[in-house]
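Beneath this line is the structure, given in structure tokens, with notes to follow.
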Amino acid sequence: MALSVQHAPEGRATAPVEPAPRRRTVLRGLGIGGVSVLVAGTGLASYRALDNGVLDSGAGAPYDAWDHWRSDPGPLGTVAAAILAANPHNTQPWVFRVDQHSPHAVVDLFSDPTRALATIDPLRREHHVGLGCALENLVLAAGARGYRAAVTLVPVGADPAHVARVVLSPGAPAAAPAESSLYDAIGDRHSNRGPYRAAPMTADLLTALSAQTAGLPGVGVRWLAAATEKSAMRSLILDATRAIVNDTSQSRQAFAWFRNDRDDIDRHRDGLTLDGQGLDPVTLTLGKLLPASSRTAGDQFWLTQTETVHTATAAAYGVITVADPDDVVSRLDGGRLLQRIHLAATANGIALQHLNQITERIDPDRTQGRPPTVAARFSEILDRPGRLPLVTFRVGFPRRAARRSPRRSLRAVTA
Amino acid sequence: MSGIRQTRWTTGGGTPRRVHSWGHGVARNWSRILLSVLGVCELLLAVGARPVLTTVVGIVGGLALAGVPWVLSHSRVGAVLLLIGAVPFAVLTWWTLVTPLLAVLALGIGIALLRRPSTNAAVSDAAASAARSARPTRAAGAGGR
């Protein structure tokens, strides 16, 4: 602090006194301090942005599978395509065994029971549907690589984990254009949880998607596109979502498969992520910069999104139906159909999101001996005697592109 | 950096005096340091950015922000580099919120630096040291210009 000497009127010097702080100096100090704090905050935010992958969503090792799935022309390449399939909560519940040394290459697909969702999916309905999705990608990739694929479902009855065997023989005819377009869509297919545009799904579009049932006897798709049907589905889905949120064990399990930050993603390379929630870029950035949300906050966010985005903007709902949803073969075929529909939708610019809250309440009701009220409401909406729901999804034209989900490496999923 | 180094060399003396001079140098160049910190932040963000174009723009911008206050301040070239450093990366990555904030801060600090009467760190610090030597009782705690 600078000192000054004041002089008395008579000219006699008095003791030096400290002047009042100069306002300008104080203001300048405050300004510099404030700017310094802002710069420090920007530094912290920059580090957080770097650490949590704000600027490189969908890039890096956990997402490599989306870039390299076409590169291997051999049997292992079919597995590279298979691991990009839809699956419940991105648990990737599969293990592959590839034998390239026998006369024909053989790819065996196994269920990984350690990746089952015991409380959300207690009867492993979604688990097997996800394996069926992987199988469909594998078969499409085999055809694209010039292999004829012979599929046997549950080849060893005594081993329920061995869900499929695919024998690959060389010399398949060139893939039909429709199959080729499904194959080409594998790398672009993602669950789109964002808002959809108001444009309706025309009957022609839905009929074209229904055509994917060819060659899969016993499975079908029921479309719910009328306003009354959509309203009933919305109500049932919201009720089921609330029930899941209020069921602590289901909520905890769902939360356990949510990867809150980039470190989690790099470590596990599975599960649901912020990138996959279909958020607008600014909200997504805020979600990544702010501390991870709690389970209850995450549940509330999910319920709100289901109410204000997922069901509010669905152009139509689709339900894969089968005669017996407990039959593993039906589940696998249902999964193959679901994957085909998703790929066909992707090829035509249509978004799809899996919405399985209803069946995630139906199955626990059964295993825990509760009255089947949800199942009864769903059957009434479906109005298809003799057909039961397997899995549910919504479709529509997206407002924004879906983002990639992480995938485990080929090495991690091959035995 | 030359400004800080110059301050230390011109004042000389024992350790307490040197430490004091260092502190004084940091205080005098605080705005430059802040702008350089922002440049480093931009470099940090650019390294993890995709696609490659964004990375390149961010690295060039970060280097410009970090270097401008020390070598090219108070010149038209400095002003242009300040704009190149702050604006393109922020525009390319507006949705991150961090880069627009960084750009606003960098422009604010940078413009303030450019508008100073003399912003050559080495010369001004040497002059300040000479002034301090001449008037040792008026301690140099007022924080610069």
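We did not get these values from a lab; they are worked out from the coordinates using the rules stated. These figures come from a predicted structure and were not determined experimentally. Virtual Cβ from ideal backbone geometry, glycine too; neighbours counted across all protein chains shown.
With Cα atoms defining each centre, the stretch A:220-248 and the stretch A:20-75 are spaced 40 Å apart in the structure.
Shown is the FRET efficiency for B:VAL104 and A:ALA203, computed with R0 = 51 Å from the Cβ-Cβ distance and rounded to the nearest 0.05: 0.45.
Can you sort A:THR313, A:THR283, A:THR392 so the residue with the fewest Cβ neighbours within 10 Å comes first? Please list the in-between numbers first.
Values: A:THR313 18, A:THR283 13, A:THR392 26.
Ordered from fewest to most neighbouring Cβ atoms within 10 Å, A:THR313, A:THR283, A:THR392 come out as A:THR283, A:THR313, A:THR392.
Specify whether the C-alpha gyration tensor of the stretch A:184-248 places it in the rounded, prolate or oblate class, a ≥ b ≥ c being the square roots of the eigenvalues: rounded for a/c under 1.5, otherwise prolate if a/b is larger than b/c and oblate if not.
Cα axes put the stretch A:184-248 in the prolate bin.
Applying the Karplus relation 6.51 cos²θ - 1.76 cosθ + 1.60 with θ = phi - 60° to the stretch B:51-58 yields 3J(HN,Hα) values of x, 4, 4, 5, 4, 5, 4, x Hz, where x marks Gly and Pro. Based on the alpha-carbon gyration tensor of the stretch A:29-108 and its eigenvalue square roots a ≥ b ≥ c, which shape applies: rounded if a/c is under 1.5, prolate if not and a/b is larger than b/c, or oblate? The shape class here is prolate.
Taking the number of Cβ atoms within 10 Å of each Cβ as an exposure proxy, the fewest-first ranking of A:THR311, A:THR228 is A:THR228, A:THR311.
Once the Cα-Cα distance is subtracted from the 0.36 nm per residue extended length, the A:ALA161 to A:HIS104 segment shows a gain of 18.3 nm.
Membrane-span-like helices in chain A (whole DSSP H runs, Cα extent of at least 27 Å along the helix axis, mean Kyte-Doolittle hydropathy of at least -1.0): A:23-51, A:125-144, A:227-246, A:328-347.
The radius of gyration of the Cα set in the protein assembly as shown, together with its Dmax, comes out at 32.4, 117 angstrom.
Here each label is just a point 7 Å from Cα along the line to Cβ, and for A:ASP324 and B:VAL77 those points are 8.2 nm apart. Placing a label point 7 Å from the Cα of A:ARG267 along the Cα-to-Cβ direction, the residues of the stretch A:73-97 whose backbone N falls under 19 Å of that point are A:90-92. Averaging Cα coordinates gives a centre for the stretch A:85-119 and one for the stretch A:353-400; these two points are 25 Å apart. The phi torsions of the stretch A:106-122, fed into the Karplus equation with coefficients 6.51, -1.76 and 1.60 and a -60° offset, translate into couplings of 10, 10, 9, 10, 10, 7, 9, x, 5, 10, 7, 9, 4, 9, 7, 10, x Hz, rounded to whole numbers, with Gly and Pro shown as x.
Going from the residue with the fewest nearby Cβ atoms within 10 Å to the one with the most, B:HIS20, A:HIS162, A:HIS342 rank B:HIS20, A:HIS162, A:HIS342.
Computed from the C-beta positions of A:GLN368 and B:ARG115, the FRET efficiency with R₀ = 56 Å rounds to 0.20.
Does the stretch A:33-186 come out rounded, prolate or oblate, given a ≥ b ≥ c as the square roots of the eigenvalues of its C-alpha gyration tensor, rounded meaning a/c under 1.5 and, failing that, prolate meaning a/b above b/c? Prolate, since a/c reaches 1.5 and a/b exceeds b/c.
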